[in-house]
Amino acid sequence: MSLHIGASVVIPEQDVLGIFDLDNTTSSRITRNFLAQAQQAGQVIPVGEDLPKSFLLCRDKGGKVKVYLSQLSTATLLKRMELGSLTI
């Protein structure tokens, strides 16, 4: 199954390692450092132009880690995963 994460971006569900709320997780220094390092390594992919609400930690088939910044909430993304939705 595939997961639509916003702005016509679809990723395979099996690549998703975690879905995190930006407001809750960025209060942690560890998370802020992780996101800064991912940004410096070119692993952060913004999805859409709106203010992001969540980020998805993913690993593709080649083993590369990617961080997608999505304007969708974690609740919306989890609901789409539960429904197996490809709804755009």
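The values are calculated or read from the model by the stated rules, or taken from the named source; none is laboratory data. Keep in mind the model is a prediction, meaning the values are calculated, not measured. When we count neighbours, we look across all protein chains shown, and the Cβ atoms used for this are built from the backbone with ideal geometry, even at glycine. Protein only, heavy atoms only, side chains kept; ligands, DNA and RNA dropped before computing areas. Shrake-Rupley method; radii C 1.70, N 1.55, O 1.52, S 1.80 Å.
Output the residues belonging to region 7-49 that are over 10 Å from the mean Cα position of the chain (by Cα) and assigned to a strand (DSSP E or B).
Answer for region 7-49, where residues must be over 10 Å from the mean Cα position of the chain (by Cα) and assigned to a strand (DSSP E or B): 9, 10, 12.
Would you be able to say whether some residue in region 60-78 is surrounded by fewer than 17 Cβ atoms within 10 Å (Cβ to Cβ), in contact with a Lys or Arg (Cβ under 6 Å, 6 or more places away or on another chain) and not in a helix (DSSP H, G or I)?
yes
Tally the residues that are open to solvent by 40 Å² or more (accessible area, probe 1.4 Å), among the β-branched types (Val, Ile, Thr) and closer than 22 Å to residue 60 by Cβ, restricting the search to region 7-31.
The total comes to 2.
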